[in-house]
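See structure below.
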Amino acid sequence: MLVLGIVGSPRKDGRTNQLVGAALEGAASVGAQVQAAYLVDYAIRSFTGSGGSSQALTYCPAELSALCAQADALVVGAPVYYGDINGLTKDFMDTVRIPNENGKPALGISIAGGSGKGLLSGVQSIYHWFYHRQMRAIDPTPVSRFNLAQALEGLRASGARLAELARHPQPFPGAGREDRWADVLAHYATLPYLDRGPVDEFVLLASQLIAAASGAQAELARTELLQALGLLQAGDRAQAGRHAVKAYELLYYAG
Ligand SMILES: Cc1cc2nc3c(=O)[nH]c(=O)nc-3n(C[C@H](O)[C@H](O)[C@H](O)COP(=O)(O)O)c2cc1C
């Protein structure tokens, strides 16, 4: 049983590789065979065709598509560039063809290694792809510099869970793609983070910074965050955003 880790960063020794590696370690710990594929090693071309699956093979090397088909589960890790996944990962998603993708267990990781902004929109992009490809995705993992250590730990557990799921594949029922959407939708409705927006992203980043901080500045940030959460509950997202940004800035610029 093979768990394949897709490393979407062109930097082969960067944080994306570290995070995908942690998930693969977790999968290996429960007996899976694991392999990493570095997208930068493949001549993936931007799609300029009209979309048919046979055409796509000329844009994504056949051996990469074959490797993804051979894999019983996929881990996809992408760096965040300007608030979303990088182009190399998106070109892979646009062009790879995986005939047996229905119900394939999948795990996605975004790493926003600068300000942290884009960690949610990045991971959402990966899960939009999993959803459209009708894979059975688990554990969306948005990562910034501030929660990197916890994410590495969590990914070992997620990788192990992914490998266990791959032992008992559960394709979504239905004869064809169009028969499966209700079940696919129900599955994705259970996953965290996918319905969150930019205000929630600042709340998440502020929470991560607060968890790693102490002292008076951390207390001030905590007060701002609590106000943001209260306003969110009351439905005032605009004002909540102001307090979440304040909480973030109190600690981001202090460090
Ligand atoms: C072009 C570019 C744009 C970036 N934009 C963001 C961003 O929007 N938010 C952020 O937190 N980090 C941003 N970063 C930082 C990367 O997310 C960070 O360096 C990450 O660690 C890259 O992954 P890697 O280490 O696997 O290469 C950007 C980096 C580059 C090169």
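The values are calculated or read from the model by the stated rules, or taken from the named source; none is laboratory data. This structure is a prediction, so every number in the text was calculated from the model and none was measured. Here the Cβ positions follow ideal geometry from the backbone for every residue, glycine too, while neighbour counts run over all protein chains shown.
Couple of notes before you dig in:
- Test: residue in the range 48-69 that is surrounded by 21 or more Cβ atoms within 10 Å (Cβ to Cβ) and within 14 Å of the ligand (Cβ to nearest atom): no
- Matching residues, the range 190-218, being acidic (Asp, Glu) and farther than 23 Å from residue 236 by Cα: none
- Among the residues of the range 51-95, those identified as at pLDDT below 95 and either part of a loop (DSSP other than H, G, I, E, B) or more than 21 Å from the chain's Cα centre (by Cα) (or both) are 51, 52, 53, 54, 55, 56, 57, 58, 59, 60, 61, 62.
- When the helices (runs of 4 or more DSSP H) confined to the range 143-255 are screened for residues that are closer than 23 Å to residue 119 by Cβ, those reaching at least 3 such residues are found at 148-167, 198-211, 216-233, 237-252.
- Matching residues, the range 76-114, being in contact with a helix residue (DSSP H, G or I) (Cβ under 7 Å, 6 or more places away or on another chain) and of a type in the set (S, T, N, Q): 89, 95, 100, 110
- Within the range 96-115, tally of residues that are touching a residue at least 60 places away in the same chain (Cβ under 8 Å) and more than 14 Å from the chain's Cα centre (by Cα): 4
- Exactly one residue among 222, 161 is outside the structural domain of residue 105 (by TED's automatic domain parsing), basic (Lys, Arg), more than 15 Å from the chain's Cα centre (by Cα) and modelled with pLDDT of 95 or more, and that residue is 222.
- Selection from the range 12-27 of residues that are free of Cβ contacts under 8 Å to residues at least 60 places away in the same chain and either surrounded by fewer than 17 Cβ atoms within 10 Å (Cβ to Cβ) or more than 16 Å from the ligand (Cβ to nearest atom) (or both): 12, 13
- Residue within the range 174-186 that is surrounded by 15 or more Cβ atoms within 10 Å (Cβ to Cβ) and within 16 Å of the chain's Cα centre (by Cα) present: no
- On the stretch given as the range 70-125, residues that are touching a strand residue (DSSP E or B) at 6+ places or on another chain (Cβ under 6 Å) and either within 16 Å of the ligand (Cβ to nearest atom) or β-branched (Val, Ile, Thr) (or both) total 22.
- Within the option set 40, 30, 7, being buried (at least 24 other Cβ atoms within 10 Å of the Cβ) and not charged (D, E, K, R) holds for one residue only, 7.
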